[in-house]
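No lab work stands behind these numbers, since they all come straight from the coordinates. Since we're looking at a predicted model, the values are computed, not measured. Neighbour counts are summed over all protein chains in view; Cβ atoms, including those assigned to glycine, are modelled from backbone coordinates with ideal geometry.
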Amino acid sequence: MEIETILILIRKELRESLRNRWFILYSVAFAVLTLAISWLALAGADQYGFAGFGSTAAGLVNLVMLVVPLMALSAGASSFAGEKERGTLAQLLAMPVTRVEVLLGKFIGLAIALAITLTIGFGISGIVILLEGGQNNGGGYLTLVALACVLAAAMLSVGLLISVLNAKSSAAGGIAIIAWLILAFGSDLGLMGSAIIFRLHIWSLFNLAVSNPLEVFKMATLYSSHASLHVLGPAGRYAMNHYGSGLWGIFLTVLGLWIAVPLGLTWWTFHHAEVP
């Protein structure tokens, strides 16, 4: 495995992503929505004032949970499948590169592109907050940005797995949207419905919650902003009472597994697949 080759592939993926009209549209929409929600969520003493970074983080959690997974899943799903359709993946593999180099180049390049998009959106919001004099809990805001990037990497990993399993980008894109719907509506609504229908024990409800990366992102964001997880209901109370300061280890481990496991399955599938 050559580092120089991986860097070349990273630059290729980054350049193609930043030129993609859908990626540009996602970036602009995220920046606009971030600024709009920040303006509304942070209204403080006067009509147009801002309360600070802490209120912004709380207001942006739901936006991140909806937009970031969709963005990352779509980017990953169109990667391998799109190149298969265009025939460029076979051409790329005919060159002196290994499949693990191709995979790492795609994952890291797309992850950097997503991080740039998120940083721009959050950065614009942060600059406006500073200009308006809201400076409290900047650490919680930066933690939100970091957690959003980790969530994007996890969803990108899932998107790449979907992409490598499909030969057409349309099929991969459709499956990615279904995966997004399952994760998005399986967080709050799914947990409430499961708890009522199956009468889940509290520890089962918590385990179900931490199996969803979106729910883990929400809990980690609330925890980092020093908010009580009791607002999440019985699962939040159980987490605070039984794990306390160990929650960070649980959150980071789960998000790390959502990156590593799908990426490992992607490598295994890509390594054994025949590319037409």
- Extended-chain gain in nm, criterion 0.36 nm per residue less alpha-carbon gap, Ile250 and Ser170: 25.2 nm
- Query: With point charges of +1 on the Cβ of Lys and Arg and -1 on the Cβ of Asp and Glu, referenced to the Cα centre of segment 71-146, which listed residue (Ala113, Ile124, Ala90) lies farthest in the positive direction of the dipole?
  - Reply: Ala90
- Message: Going by amide H atoms built from the backbone, whose H comes under 5 Å of the H on Val97, apart from near neighbours?
- Response: none
- Query: Counting other C-beta atoms within 10 Å, which of Ser163, Ser170 has the fewest, and how do the rest follow?
  - Reply: Ser170, Ser163
- Determine, for Arg99, Arg21, the number of other Cβ atoms within 10 Å of each Cβ, and report the residues in order from fewest to most. Arg21, Arg99
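Would you kindly state how much longer the chain becomes between Leu33 and His271 on full extension, computed as 0.36 nm times their sequence separation minus their alpha carbon distance, in nm to one decimal? Each step should come with its number before you reach the end.
Details: separation 238, 0.36 × 238 = 85.68 nm, distance 3.95 nm.
Contour length minus the Cα-Cα distance gives 81.7 nm.
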- Query: Between Leu25 and Asn62, 0.36 nm times their residue separation minus their Cα-Cα distance comes to what?
  - Reply: 11.4 nm
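Among Ile120, Ile259, what is the fewest-to-most ranking by other Cβ atoms within 10 Å?
The fewest-first ordering by Cβ neighbours comes to Ile120, Ile259.
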